[in-house]
Amino acid sequence: MTVSGGEAVRVRPDREHPLSSGFACPKGIAMVEIQNDPDRVTRPLRRRTDGGFEEVSWDEALDDIAARLGRIRAEHGGDAIGWYFGNPATFSYSHPLWLNSFMAALKSPHIYSAGSQDVNNRFAASALLYGAPTLVPIPDLKRTDLLLMLGANPLISHGSIITAPRIKDDLTAIVQRGGRVV
């Protein structure tokens, strides 16, 4: 990251990094635009009855959220509450641990993530094939001669479920050693 005058001005990948070899998610590179956006929300805002917003303290915001969540749970039960979290939380061991405990306390089974959109089909297939959704075989890309992929785009997902940090290089290597990628 390039910082000038205390402000992030540019993000670029590190081509020398041993795992990524300079790959970077476009969302990460775009973070400078988000960080420096003049409309970025950096403090709690509450919607007014006229449709506008007013700044409130963190204590006010959290008390309001707790009261609303409590009312929803009291009126409709834990099934009325769901949680969605994105990829950054997925790569943290502490967030899912806290989240699971929080949702269990609310008696809600509804936890969703980016994986709900990207890889639940993989978990369903693993449950049907191997008896458990968490048994996800990882292909041995370094020694594969034929890689058949159905319903996958590893160049876009960066091989997310198979944890291949340089998936493009791995796929190219299969072909270069005389194998096939379908």
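The values are calculated or read from the model by the stated rules, or taken from the named source; none is laboratory data. Remember, predicted model here, so these are calculated numbers, not experimental data. Heads up, the Cβs are rebuilt from the backbone with ideal geometry, glycines too, and the neighbour counts pull from every protein chain shown. Side chains included, ligands, DNA and RNA excluded: accessible areas come from the protein's heavy atoms. Shrake-Rupley method; radii C 1.70, N 1.55, O 1.52, S 1.80 Å.
Restricting attention to region 170-182, which residues are open to solvent by 60 Å² or more (accessible area, probe 1.4 Å) and of a type in the set (A, V, I, L, M)?
Passing the criteria: VAL175, VAL182.
Give the number of residues within region 35-61 that are open to solvent by 50 Å² or more (accessible area, probe 1.4 Å), under 24 Å from the mean Cα position of the chain (by Cα) and of a type outside the set (Val, Ile, Thr).
6
Could we say that VAL32 is modelled with pLDDT of 95 or more, open to solvent by less than 60 Å² (accessible area, probe 1.4 Å) and either under 30 Å from LYS107 (Cβ atoms) or out of contact with any Cys (no Cβ under 9 Å at 6 or more places or on another chain) (or both) here?
no
Under 25 Å from GLY28 (Cβ atoms) and either at pLDDT 90 or above or charged (D, E, K, R) (or both): is that true of ARG143 in this structure?
no
Scan region 148-181 for residues that are assigned to a helix (DSSP H, G or I) and aliphatic (A, V, I, L, M) and jot them down.
Within region 148-181, LEU155, ILE156, ILE161, ILE162, ILE167, LEU171, ALA173, ILE174, VAL175 qualify.
Take GLY51 and decide whether it is of a type outside the set (Asp, Glu), at pLDDT 95 or above and under 30 Å from ILE156 (Cβ atoms). Spell out the reasoning first.
Working: of a type outside the set (Asp, Glu): yes; at pLDDT 95 or above: yes; under 30 Å from ILE156 (Cβ atoms): no.
So GLY51 fails the test.
Restricting attention to region 93-108, and to residues there that are among the hydroxyl-bearing types (Ser, Thr, Tyr) and either surrounded by 13 or more Cβ atoms within 10 Å (Cβ to Cβ) or within 18 Å of THR134 (Cβ to Cβ) (or both), which single residue is farthest from the chain's Cα centre (by Cα)?
Among those that are among the hydroxyl-bearing types (Ser, Thr, Tyr) and either surrounded by 13 or more Cβ atoms within 10 Å (Cβ to Cβ) or within 18 Å of THR134 (Cβ to Cβ) (or both), it is SER108.
Let me confirm something: among SER101, SER157, SER116, which residue is farther than 29 Å from PHE23 by Cα and of a type outside the set (Asp, Glu)?
SER101
Only one of ILE167, ILE161, ILE111 is among the β-branched types (Val, Ile, Thr), touching a Phe, Trp or Tyr at 6+ places or on another chain (Cβ under 7 Å) and surrounded by 12 or more Cβ atoms within 10 Å (Cβ to Cβ). Can you tell me which?
Selected residue: ILE111, the only one of ILE167, ILE161, ILE111 that is among the β-branched types (Val, Ile, Thr), touching a Phe, Trp or Tyr at 6+ places or on another chain (Cβ under 7 Å) and surrounded by 12 or more Cβ atoms within 10 Å (Cβ to Cβ).
All but one of (1) closer than 24 Å to TRP83 by Cα; (2) open to solvent by 90 Å² or more (accessible area, probe 1.4 Å) hold for ASP145, so report the exception by its number.
It fails just one condition, (1).
With the condition kept exactly as written, say whether any residue in region 54-74 is at pLDDT below 90, among the basic types (Lys, Arg) and either touching a helix residue (DSSP H, G or I) at 6+ places or on another chain (Cβ under 9 Å) or under 30 Å from ASP170 (Cα atoms) (or both).
Among the residues of region 54-74, not one is at pLDDT below 90, among the basic types (Lys, Arg) and either touching a helix residue (DSSP H, G or I) at 6+ places or on another chain (Cβ under 9 Å) or under 30 Å from ASP170 (Cα atoms) (or both), which makes the answer no.
What is the one condition in (1) of a type outside the set (D, E, K, R); (2) exposed (fewer than 10 other Cβ atoms within 10 Å of the Cβ); (3) in a loop (DSSP other than H, G, I, E, B) that ALA132 does not satisfy?
(2)
Scan region 146-175 and report the pairs whose first residue is within 19 Å of LEU135 (Cα to Cα) and whose second residue is at pLDDT 90 or above and surrounded by 12 or more Cβ atoms within 10 Å (Cβ to Cβ), with Cβ atoms within less than 7 Å and a gap of 6+ or a chain change.
As it stands, the answer is ALA164/LEU141; ALA164/ASP170, since those pairs meet every condition given.
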